[in-house]
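Worksheet: the structure to be examined is printed underneath.
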Amino acid sequence: MTDDHQSQDPPYLKGFFVVLPDAIPVPNGSSWTFFTNEPEPLLDGARYAPVARARPNNMSEGRNFVSIRFLQVSDNTDAQLISDHQILTRAVDRILKANSQDSVSLPGVDLDRHRTVAEMVTFVASTGDLVATNDKPDPLTRCLTALFKFHRAYRVLARLTCEELTYKRLHPMVITTRRSMDSTVPVVDGLMLLDMRPNRPGALHEQIGSVDFSTVTAAYGRMLVGDPTIAYLERVVDARHAFIELGKNHEAALHLATACEVFLDGLLGMILFERGLTDEDAAVLFSKDLVPRVKQEYSKALGGRWSLTDGPVGEWYDKVAGLRNRVVHAAYQPSDAEVSKSFDAVEGLAKHAMNCLFDRSHQYPMTAWTFLGAPGFEQRGGAPRRAQEWLNSQTEDLTQRIAEYSAWRAAVGGAVRRRRT
């Protein structure tokens, strides 16, 4: 949409309207201005007012800025509480009608709700400033960075609990505006689409029935007895959700680090259990921190290269464990690229360890069948004779052996605590 009374070429004020996933209960029309570190000569000495009819102030040292105005909008659509209520009654009605009973009538829900829309404005000096460079972000990124920083500070002080605000949690449509420097009214000049993945409350039709119940039942049984492979996969799923759906990169990094610790702990633990070590003897090894344990024990147990300086293990040490330490100890916020590399490092570590375990499956058939399973053996050319003979000789389900390992590992944990105190 264009306006003949305003030039389409900069300089102008660029605006973006975004609806927030969680309402911010500040007064309607409240504004907040954030000055960036980007020099902007055209703004040197300029005067600004955050809202119309406000008293102008001097612009500070010719820097660019982001001004955010929060608009509280009445929400007449169905809230999730209401839509869930409707889904529930429809499900109950389906069963009652199938049994020729009357439909159910549940009490209604009436809520007076508001949603928050943020109007973000920044200055664009030239057409080149509409595109990100090594020195400057694009206008939308500049505005969202300021919005996210505001929200982080808001969450610290507000009594209202809410998720961290991230790019991937935003509504995917952004309406853009521009306003010339001598005008008081912006004009709509476009529509931008962000990430289309957030806020998916249900399953698509083609997804229904895509998971085999028998595999879920097997995973459920192994989860109940403390199978470390299921715990590892669960943390990876948590990381993927935090990264892809929520955009919470620091949380994804912590989940990935935890996944690797669970994986490495379970792998060595099950090998020691299969060797027949007592819980007290195993506690000597598990009393060491993870890094020295990896350096000293895994190559002896599994063969292969377990150097922390290169290869898959080095990638884990740098891209996963190292990133985790920065997040935990320095409140570091990882980039998307860093988290993507962390996922790759986790996959590389698991593949390396499984290759080593496959080569030693004749020594540790129980561990190999727990971690590799039939699919893992098939990917590597099939189970070796000794590993297959061991499986065929078992008179009890593998789940029972995993349960015995879990009890042993709990005893090892108790011995480690006693040693450290």
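What to note about this one:
- Which listed residue is out of contact with any Leu (no Cβ under 8 Å at 6 or more places or on another chain), at pLDDT below 90, at positive phi and loosely packed, with under 11 Cβ neighbours inside 10 Å, from Gly202, Gly209: Gly209
Matching residues to (1) among the polar types (S, T, N, Q); (2) more than 18 Å from Gly322 (Cα to Cα); (3) touching a residue at least 24 places away in the same chain (Cβ under 8 Å); (4) surrounded by 20 or more Cβ atoms within 10 Å (Cβ to Cβ):
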{"site": "Gly276", "(1), (2), (3), (4)": "no, yes, no, no"}
{"site": "Glu280", "(1), (2), (3), (4)": "no, yes, yes, no"}
{"site": "Ala283", "(1), (2), (3), (4)": "no, yes, yes, yes"}
{"site": "Phe286", "(1), (2), (3), (4)": "no, yes, yes, yes"}
{"site": "Asp289", "(1), (2), (3), (4)": "no, no, no, no"}
{"site": "Pro292", "(1), (2), (3), (4)": "no, no, no, no"}
{"site": "Leu302", "(1), (2), (3), (4)": "no, yes, yes, yes"}
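- Considering residues of the range 84-131 that are within 30 Å of Pro27 (Cα to Cα), among the hydrophobic types (A, V, I, L, M, F, W, C) and not in a strand (DSSP E or B) only, the residue modelled with the lowest pLDDT: Val109
- Matching residues, the range 138-166, being assigned to a helix (DSSP H, G or I), within 21 Å of the chain's Cα centre (by Cα) and either outside the structural domain of Val26 (by TED's automatic domain parsing) or loosely packed, with under 15 Cβ neighbours inside 10 Å (or both): Thr141, Lys149, Arg152, Ala153, Val156
- Only one of the numbered conditions (1) within 26 Å of the chain's Cα centre (by Cα); (2) on the phi > 0 side of the Ramachandran plot is violated by Gly304, and that is (1).
- Residues located in the range 357-386, provided they are closer than 17 Å to Arg275 by Cα and hydrophobic (A, V, I, L, M, F, W, C): Leu357, Phe358, Met366, Ala368, Trp369, Phe371
- Residues within the range 237-251 that are crowded, with 21+ Cβ neighbours inside 10 Å and in a helix (DSSP H, G or I), tallied: 4
The values are calculated or read from the model by the stated rules, or taken from the named source; none is laboratory data. The structure presented is a predicted model; accordingly, all values stated were derived computationally and were not measured. Cβ sites come from the backbone with ideal geometry, for glycine too, and all protein chains shown count toward neighbours.
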